[in-house]
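To start, the structure under review is shown below, and the notes come after it.
Derivation of every value follows stated rules applied to the coordinates shown; laboratory data play no part. Computed from a prediction, not measured in an experiment: that's the story for all the values here. Methodologically, a virtual Cβ is constructed for each residue, glycine included, from the backbone with ideal geometry; neighbour enumeration extends over all protein chains shown.
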Amino acid sequence: MRIAVGGIHTECSTYSPVLMAVEDFFVLRDAELLGAEYFDFLDAAGIEHLPLLHARAVPGGPVSRMAYESFKAEFLEKLQAALPIDGLYLAMHGAINVEGMDDAEGDWISAARTVVGPDCPIAASYDLHGNVSQRIIDQLDIFAAYRTAPHIDTRETMVRAWSMLVETLRTGNRPGVAWAKVPVLLPGECTSTEDEPARSIYLSLPGFDAQPGILDANLMIGYVWADEPRATACAVVTGIDRQAASKAAEEIALQYWNARENFGFGPVTGPLDAMLDLAAAATTSPVILADSADNPTGGGVGDRADVLRALITRDWQGALLAGITDRPAVEACFTAGEGASLALRIGGSLDPASVPADVTATVLRLDDPGSAADRQAVIRVGGIKIILAARRRPYHNIGDFRRLGFDPKTVRLLVVKSGYLSPDLAPIANPNLMALTDGVVNQDIANLASDRRARPVFPLDRDFDYAPAAVLSARWRS
Ligand SMILES: [Zn+2]
């Protein structure tokens, strides 16, 4: 039996002016793919895995049409060359937006279906923040999505999708997919599975899996910062019984709809100034403040200096700000050298709407892993230390700080560009505060510009009725 493996994986805010290019993706192809830790579960007796191409990027703005088309062409060429195959496994995110194109995953998966033909089962794993469409569902036989946010079940989800595919090849039982849209679009920060009501809803999913005729039950929160027609929450159920799968999808959809008014932010959340007042009064540490609208792992640009400017205004003593993406500022620090003092403009290097801070900084540390895009500089402005990064990236892992000589536990105030905190940072936050800042992934959902979304949708609209209606994939209908 031969299973081909590939996919494309990122999340794109249509409010970001910063297009993603080929260089923004980490690409695994051929033997590298099978050798990567990310895919090292691909091992089953009697199955040969055929690596294609997997392209993955930190979330950001829309993907340039050229970048997308070049990845797709290479993926399809490798898929064609891998034929004949018995199954295809796609490791997707689900929230790609490509310049001038709606439903890029629908385009990718449909193109793959054309190559493999109607008889080859296709399985896809998704992030629960992906946006699904009928076009996507119609081409799939197997679907599984994360059940945790923060995502701590990435690998388990991939294994669920792939295992169902292996089982399909071994038994010859062909599964199918049913889905039910829910007209609700909430940000990940309100729907963390650490907090109610998302916690209970997600904990109910294994109970659906155990029902006769059901293989894998999912709730997709969807991606709220994409103004596109397909943006929606939905329940997606893989099963072997059409009726059971449809009924489960409708029940999960209704659970989410009924809970819609009960979602809220997990940490103490408010305007930036109010959060800084709380941080100033805190007697415990580290206070970890999330700059929520500029979170690169949600699609934020990562170049904003709003929190830095506010801290400078307050003459704040004892803060670490991690980090601000600003390649010109990093280059200037490298030119000046460690120990140098220099005038710097920080912020606004990518997004014209981002207001910079003009400062006099001391260069504390330079980090050069070898490529100019990976360089970092640590600077000090008064009582504030700032990590500058040449490329868009998060600082969500303890290892990111250790590399630069920091222990986040010993900082009075740590500012990170994040929504809900990462599994590394959440346990040490004492307390965690979230600032409702400006940026391309801001939390003011009801007031997002919305020209292309299907309406009505909660919370952009509030006064409308809804009853779930499951739809089968085209493959299951025929
Ligand atoms: Zn996600």
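Per-residue 3J(HN,Hα) values for segment 402-419, derived from phi via the Karplus relation 6.51 cos²θ - 1.76 cosθ + 1.60 with θ = phi - 60°, read 4, 4, 9, x, 9, 10, x, 5, 9, 8, 5, 9, 10, 9, 10, 8, 7, x Hz in sequence order (x marks Gly and Pro).
So how do Val237, Val58, Val224 line up by other beta-carbon neighbours within 10 Å, fewest first? Present the calculation step by step, with values, prior to reporting the outcome.
On the way: Val237 33, Val58 18, Val224 30.
In order of increasing Cβ crowding within 10 Å: Val58, Val224, Val237.
Axis of helix 154-171 versus longest Cα principal axis of the chain: the two differ by about 10°, to the nearest ten degrees.
Our coupling estimate for segment 224-231, obtained by passing each phi through the Karplus curve with A = 6.51, B = -1.76, C = 1.60 and θ = phi - 60°, is 7, 8, 10, 7, 9, x, 7, 4 Hz, Gly and Pro reported as x. For the chain, the residue among Ala470, Thr313, Ile386 whose Cα projects farthest onto the positive side of the dipole built from Cβ charges is Ile386.
Placing unit charges on each Cβ (+1 for Lys and Arg, -1 for Asp and Glu) gives segment 203-319 a dipole about its Cα centre, and among Ser292, Gly270, Phe208 the Cα reaching farthest toward its positive end belongs to Phe208.
Annotation: amide H-H contacts under 5 Å for Glu228 (H modelled 1.01 Å from N, sequence separation of 5 or more, or interchain): Arg453. Peptides 343-354, 359-370 ranked from most to least packed give 343-354, 359-370, packing being the mean of other C-beta atoms within 10 angstrom over each peptide's residues. In the chain, the longest principal axis of the Cα atoms and the axis of helix 104-116 are about 40 degrees apart. On full extension, the segment bounded by Arg380 and Glu37 gains 119.8 nm, given 0.36 nm per residue less the C-alpha separation. Annotation for Arg29 and Thr335: the two label points, set 7 Å from Cα along the Cα-Cβ direction, are 3.5 nm apart. Relative to the longest principal axis of the Cα atoms of the chain, the long axis of helix 272-281 makes an angle of roughly 60 degrees.
Computed on the Cα atoms alone, the convex hull of segment 24-157 gives a volume of 115 cubic angstrom per residue. Its DSSP H runs of at least 4 residues, each contributing -39,500 (n - 2.57), put the calculated 222 nm mean residue ellipticity of the chain at -7500 deg cm²/dmol, to the nearest 500.
The relative contact order of the chain, computed from alpha carbon pairs under 8 Å that lie at least 6 residues apart in sequence, is 17 percent.
Relative contact order for segment 386-478 using alpha-carbon pairs under 8 Å, separation at least 6, rounded to a whole percent?
Values: 36 pairs, mean separation 16.3, N = 93.
18 percent.
Rounded to the nearest 20, the Cβ-based charge dipole of the chain about its Cα centre (Lys and Arg +1, Asp and Glu -1) stands at 160 debye.
Multiplying the residue separation of Arg455 and Glu74 by 0.36 nm and subtracting their alpha-carbon distance yields 133.5 nm. Under the simplified labelling scheme, the Arg65-Gln243 pair shows an inter-label distance of 4.8 nm, with each label point 7 Å from Cα along Cα→Cβ.
In the chain, taking the dipole from charged Cβ atoms about the Cα centre, the farthest positive-side position among Ala82, Ala336, Gly106 is held by Ala336. What share of Cα pairs, in percent, lie more than 33 angstrom apart in the chain? That fraction is 38 percent.
Remark on Thr269: its backbone amide H falls under 5 Å from those of Met434, a criterion applied only to residues 5 or more positions apart or on other chains, H modelled at 1.01 Å from N. If contacts are Cα pairs under 8 angstrom and at least 6 residues apart, what is the relative contact order of segment 18-165 in percent? 20 percent. Bridgeable lysines around Lys409 (alpha carbons under 27 Å apart, same-chain partners fewer than 8 residues away excluded): Lys385, Lys417. Sequence-ordered 3J(HN,Hα) estimates for segment 344-360 from the Karplus curve with 6.51, -1.76 and 1.60 and θ = phi - 60° stand at 9, 9, 10, x, x, 7, 10, 10, x, 7, 8, 8, x, 10, 9, 9, 10 Hz, glycine and proline given as x.
Report the Cα centroid-to-centroid distance between segment 424-478 and segment 314-383 in angstrom, as an integer. Between the Cα centres of segment 424-478 and segment 314-383 lies a distance of 34 Å.
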